[in-house]
Amino acid sequence: MAGENPFSNPRYRSSVYANGQLQIKTDEGLLTLTPFGPKMVRVALTENGELPPSYAIVAHPDTAHITVREDKNSVTLSLSSLHVSVRKNPLQIAFIRKGTTDTIAVQKTTFSRQDTTGFRFRLQPGEMIFGGGERAISMNRTGHRLHLNNEAHYGYGWGEENLNFSVPYFVSSNEYGILFDNPSIGYADLGKTNAGTMELGASGGQLVYYFMAGKTFESLHHSLVHLTGTQPMPPRWALGNLQSRFGYQTEQQARNMVDSMQQAGYPLDGIILDLYWFGQGEKNWRMGDLDWFKQNWPTPTKMIADFKKKGVHTILITEPYILQSSKNFPEADSLGILADDESGKTGIISKFYFGKAGLIDMFDPVAQDWFWEKYNKQIKIGVSGWWGDLGEPETLPSNLVFINGKANDVKNAYGLVWSKMLHDKYAANYPDVRLFHLNRAGFAGSQRYSSFPWSGDVGHSWAGLKAQVPIMLGMSMCQIPYASSDLGGFSIGKKDEELYRRWLQFGVFNPIFRPHSGTVPPEPIHYSGSTQTIVRNFIKLRYRLMPYNYTLSWHQSVTGEPLASPVFYKSAYPKKYWSNNDLYYWGDAFLVSPVLEAGEKTKDILLPRGTWFDYFTGKEYDGNGWVHYNLNDSTIPVFVKAGSFIPSVPLFYSTSQYSSRNLTVDYYHSPEVKKAEYTMYEDDGHTRDAYKKGGYELLHFTQKSNTDSMKFRFARNGGQYSGAPENREMRLVVHHVGVIHIVQVDNVQIPVNENKGPSQYSAELKDDILVIHFPWKMSDEVTIQLN
């Protein structure tokens, strides 16, 4: 489909609707429109209508309720909620909301020039484009030309457009989304070259995109979820404190760290071992050995078991490169499991930071089996999780050839296929075990394979911290829900206590909490007493909020709901502030505004409509206006939406100790909220597909109120699982409750502030906060009436 005209566009010849597809013959090939539901369609330009399997897509065509009509100027494919109108000459595609004349978007041209092909879409004046994966720039990416290329940038900070995990999915402020389903190296020109044009191009691969429309951003996101899938539940321990550094160089150093952290009163669930577990570092990297360097790690099996007894899981790093000096290189070379060069021989990468190396051909099933054997050996001695590094791949000469294509044509799928390999091998060999796999790179759909990305080698700087909110949200919008960062910053810079505090405070409201650094101490025990107190309290807060965060993970696994969301995804919000880079939803209840500037004393925060409460002070705020917030060192601005239920548990120090038998439910009352509901998810914390297998419980909390009374209902449904409480000791905390005289729990009346009721029951009202203690037998419902 190459053409000499730099922006050649196919010419219409004829059309036919067959097998659920509108097929349009052009002089450049076959243009095929395939419905994937009531408001989503795939558009592909191919030679014969055939497409290779997609790495990103799990949905199947849905051709119900489709009609086609044609006149002399156009042919229109009508879905339940969307018209797709193809103008014949010149060939253009308009996407129109059904029942309106509202043209959402227009594909202006399909082009081919030199070694690049792609699509061009119309951008309207003022239109904002979001998404694209990891980008250390403003949420609104309009005006940028982004690489669609997973690439590492050491020590990056604010302003770095291109990072390790690019996703070719873009969301418009006009409430449509486009997924350019091509893993080749490419680009997205979002109005930079031409203010009225969005251009998506690639150096190879297929010419195909998916267009989806939505009446809300949440409905639009659900279409993407339908297309690319959800992320399975992580093990509960993965939501705890995972301590990492570059790196623990010996077994004794690792043991000392775990002991020191626990003795200092920090909750801890994991230790992550960098590349020193198999080598000596610059003296002798041994990358590719994938086995313990026994000189420094004499008893790894016992060490891992000792850590497990302390409630600490061991996570190991792996890389896909095998140095020529590695003991495994001769075998890998002889088996042909490394990427080839153009001559068909093993490609040797000479300009690789760690030395001359070959790269595992992750697309080759034989290579996957070989790599898995190295993983499985460590799993058998107790390793709980994995850290996949350099998977962009970080160094990839364009002359390398994989079993399924040239390097540049499949590069962006490499990390996804690595994650898929590990996911599939766990499913086959350890079908009841949930996978935790940190992986720095991937593609649309990587979430299906339990990939937990982090944002690469960010600089230890305020510019690095500032970059993390739009990175996390940009990934969430692309249905990559667990993006996080090296908390505290990884590279370059000096020890900065304020920066460290602020980054870890922000990290408590991130999908994964993992302090990590290669230049300054990442462990809080190396900081001043005041910093330790603040950080310790925030880590403890994350642990107490485990039921809330775990339920977020369940929602993601079932519905695809993001853990972290832009404000405009969930609230009416002034459009000019949609690109807000320092405010986001954490679930439905919390609104978080991290402190991102050194020495910042105040923040002006625009709250959405409704009533909001300061989570730490209880102060009430009216939304739909600006708040001038006075900052302090101990906390960051975190607000709770009126009508929210927030479950929590007493403090524990490892998820091996976790129990929700003693459960606190905070409810934030406002008279404007007449009804509220929340569902909390619980299971054993480790069994794969527990929800599908029936090994779970759902705890339902509801509230109904009028001017003089309020009623709460607590109900349970679900199956059974190991460790499920038969009874719970409940603590309902109603904030801003007003005047209450009588509390009745089922048939038990509890006078307020009088210890006259049965010993298991009490009601205390102080400072407008009502605290009710009551027992809950899980086989029963409980109703609480407040008057």
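Annotations
- Of all the listed residues (GLY191, GLY132, GLY186), the sole one being within 20 Å of the chain's Cα centre (by Cα), in contact (Cβ under 8 Å) with a residue 60 or more places away in the chain and open to solvent by less than 20 Å² (accessible area, probe 1.4 Å) is GLY132.
- Scope the range 590-625; condition within 25 Å of the chain's Cα centre (by Cα), in contact (Cβ under 8 Å) with a residue 60 or more places away in the chain and buried (at least 16 other Cβ atoms within 10 Å of the Cβ); matching residues: PHE590, VAL592, PRO594, VAL595, LEU596
- Criterion: surrounded by fewer than 24 Cβ atoms within 10 Å (Cβ to Cβ) and under 24 Å from PHE652 (Cβ atoms) - qualifying residue of ASP259, ASP269, ASP274: ASP259
- Check on GLU282, open to solvent by 10 Å² or more (accessible area, probe 1.4 Å), in the same structural domain as PHE538 (by the TED database) and of a type in the set (Asp, Glu): yes
- Among the residues making up the range 69-93, those that are open to solvent by 20 Å² or more (accessible area, probe 1.4 Å), assigned to a strand (DSSP E or B) and within 15 Å of TYR12 (Cβ to Cβ) are GLU70, SER74, SER85, ARG87, GLN92.
- Among the residues of the range 587-610, the ones that are under 25 Å from ASP496 (Cβ atoms) and not in a loop (DSSP other than H, G, I, E, B) come to 5 in all.
- Residue within the range 96-111 that is part of a loop (DSSP other than H, G, I, E, B), buried (at least 17 other Cβ atoms within 10 Å of the Cβ) and not aliphatic (A, V, I, L, M) present: no
- Inside the range 423-457, residues that are over 22 Å from TYR154 (Cα atoms), in a loop (DSSP other than H, G, I, E, B) and of a type in the set (S, T, N, Q) make up a count of 1.
- In the range 359-379, of all residues being open to solvent by less than 70 Å² (accessible area, probe 1.4 Å) and without any contact (Cβ under 8 Å) to a residue 40 or more places away in the chain, the one that is farthest from LEU290 (Cα to Cα) corresponds to ASP364.
- One residue from ALA188, ALA195 being assigned to a loop (DSSP other than H, G, I, E, B), of a type in the set (A, V, I, L, M) and not assigned by the TED database to the domain that holds LEU541: ALA195
- For the range 573-585, the count of residues that are under 27 Å from THR142 (Cβ atoms), open to solvent by 40 Å² or more (accessible area, probe 1.4 Å) and touching a Lys or Arg at 6+ places or on another chain (Cβ under 7 Å) is zero.
- Qualifying residue in the range 315-338 (condition: of a type in the set (Val, Ile, Thr), assigned to a strand (DSSP E or B), closer than 15 Å to ASN399 by Cα and at pLDDT 95 or above): no
- Criterion: touching a Ser or Thr at 6+ places or on another chain (Cβ under 6 Å), open to solvent by 30 Å² or more (accessible area, probe 1.4 Å) and of a type outside the set (Ser, Thr, Tyr) - qualifying residue of ASN408, ASN399: ASN408
- Among residues of the range 738-756, those that are part of a loop (DSSP other than H, G, I, E, B) and farther than 30 Å from TYR658 by Cα, counted: 10
- Residues in the range 652-692 that are of a type in the set (Val, Ile, Thr) and part of a strand (DSSP E or B) were compared, and the one that is surrounded by the fewest Cβ atoms within 10 Å (Cβ to Cβ) is THR679.
- The single residue among GLY391, GLY415, GLY382 that is at pLDDT 95 or above and open to solvent by 10 Å² or more (accessible area, probe 1.4 Å) turns out to be GLY382.
- Qualifying positions in the range 345-358 - of a type in the set (Gly, Ala, Ser), touching a residue at least 40 places away in the same chain (Cβ under 8 Å) and open to solvent by 20 Å² or more (accessible area, probe 1.4 Å): GLY355
- The set of residues in the range 693-736 being buried (at least 17 other Cβ atoms within 10 Å of the Cβ) and farther than 16 Å from THR664 by Cα consists of GLY695, TYR696, GLU697, SER705, MET710, GLY718, TYR721, ALA724, HIS736.
- If the condition is being under 25 Å from PRO524 (Cβ atoms) and open to solvent by 10 Å² or more (accessible area, probe 1.4 Å), then the range 297-319 contributes ASP306, LYS308, LYS309, LYS310, HIS313.
- The range 210-250, subset more than 20 Å from the chain's Cα centre (by Cα) and surrounded by fewer than 23 Cβ atoms within 10 Å (Cβ to Cβ), residue farthest from THR103 (Cα to Cα): THR250
The values are calculated or read from the model by the stated rules, or taken from the named source; none is laboratory data. Predicted model, so just to flag it, every value in this text is computed and none were measured. Glycine also receives a Cβ, built like all others from the backbone with ideal geometry; neighbour counts cover every protein chain displayed. Side chains included, ligands, DNA and RNA excluded: accessible areas come from the protein's heavy atoms. Shrake-Rupley method; radii C 1.70, N 1.55, O 1.52, S 1.80 Å.
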